[in-house]
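The values are calculated or read from the model by the stated rules, or taken from the named source; none is laboratory data. It should be emphasised that the depicted structure is a prediction, and the values quoted were computed from it without experimental measurement. Cβ placement follows ideal geometry from the backbone for every residue including glycine, while neighbour counts extend to all protein chains displayed.
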Amino acid sequence: MHALIPQAVSAEDLRIQRSRQKFTQLHPLRTGQSLEQTILIEMNQPAYPPRDLPPLTGESQLATSDHDAVFTMMAEPAAVAMAAFTAADPTSRPAFDAHMERVQTMAGTHHWAITTEDETLIGTISTFPSEDGQPEVTYWLAQAHWGKGHASRALALVLEQSPRPVVARVALDSLGSRRVLEKAGFEAIGNNGDYAAGRGTETEELILRLS
């Protein structure tokens, strides 16, 4: 159930509230969306609300047609440096394709696209089983769309249909990503130092959990 809308709310709050209401109905996400609203759809699946997707026990396929855009955004130098824990060579298309093929066959993994109203793919968000079996969430946003609320909105929608607890990992100094997670209610539960290919050096990683 959604909380009642207060009597006095901002225009932005109203936009978000209306969007969330639409996501609880069986209507295509692209119908009647405002310019400000991020649309969250599962790649290669009908554009229905995340809560109506299969439980996090099956497999989701990424659309092959999305791979070029995903590869490009995941090779952006600034994004690679911020994420830190990336592929050994983010500019290698063969390595990227092998990775995509591998994750498409992983049980319990779901992949969604974050798009704008004109259907431009600007990021991805995924859930997968962590080492202890709990859902782990990860997301990637094209650098040109940082700081516009897209990641926060997409994360909120995915968390609505994810069992608890949910875990996430982020480089300790990636303050933007950390704020997105903390705003959603994640709390730090530990940290770990490991080699980060995106930086070519050992980097401190923060582990967070949403109970």
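Before moving on, here are some points about what is shown:
- Qualifying residue in region 68-83 (condition: modelled with pLDDT of 85 or more and either in a strand (DSSP E or B) or farther than 14 Å from Ala142 by Cα (or both)): no
- Against the test of being under 24 Å from Val180 (Cα atoms) and free of Cβ contacts under 8 Å to residues at least 12 places away in the same chain, the options Pro77, Pro90 yield a single qualifying residue, Pro77.
- For region 82-95, the set of residues classified as within 18 Å of the chain's Cα centre (by Cα) and among the small types (Gly, Ala, Ser) consists of Ala83, Ala84, Ala87, listed by residue number.
- Residue list for region 158-169, filter: under 13 Å from Leu181 (Cα atoms), in contact (Cβ under 8 Å) with a residue 60 or more places away in the chain and not in a helix (DSSP H, G or I): Arg169
- Scan region 80-123 for residues that are among the polar types (S, T, N, Q) and out of contact with any Leu (no Cβ under 9 Å at 6 or more places or on another chain) and the total you get is 5.
Listed here are the residues, each with its yes/no results for (1) buried (at least 16 other Cβ atoms within 10 Å of the Cβ); (2) over 12 Å from the mean Cα position of the chain (by Cα); (3) without any contact (Cβ under 8 Å) to a residue 60 or more places away in the chain; (4) assigned to a loop (DSSP other than H, G, I, E, B).
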| residue | (1), (2), (3), (4) |
| --- | --- |
| Asp97 | no, yes, yes, no |
| Ala107 | no, yes, yes, yes |
| His110 | yes, no, no, no |
| Glu119 | no, yes, no, yes |
| Asp132 | no, yes, yes, yes |
| Tyr139 | yes, no, yes, no |
| Ala144 | no, yes, yes, no |
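- Qualifying residue in region 72-89 (condition: over 26 Å from Gly149 (Cα atoms) and hydroxyl-bearing (Ser, Thr, Tyr)): no
- Filtered residue count, region 146-155, keeping only those that are out of contact with any helix residue (DSSP H, G or I) (no Cβ under 8 Å at 6 or more places or on another chain) and buried (at least 18 other Cβ atoms within 10 Å of the Cβ): 2
- Residue within region 180-200 that is crowded, with 19+ Cβ neighbours inside 10 Å, assigned to a helix (DSSP H, G or I), on the phi < 0 side of the Ramachandran plot and of a type in the set (Gly, Ala, Ser) present: no
- Within region 149-157, the presence of at least one residue that is at pLDDT below 90 and assigned to a loop (DSSP other than H, G, I, E, B) is confirmed.
- Verdict on Leu172 being surrounded by fewer than 20 Cβ atoms within 10 Å (Cβ to Cβ), touching a strand residue (DSSP E or B) at 6+ places or on another chain (Cβ under 7 Å), among the hydrophobic types (A, V, I, L, M, F, W, C) and under 18 Å from Met82 (Cα atoms): yes
- The residue that is modelled with the highest pLDDT, counting only those in region 115-139 that are among the hydrophobic types (A, V, I, L, M, F, W, C) and closer than 12 Å to Ala69 by Cα, is Ile122.
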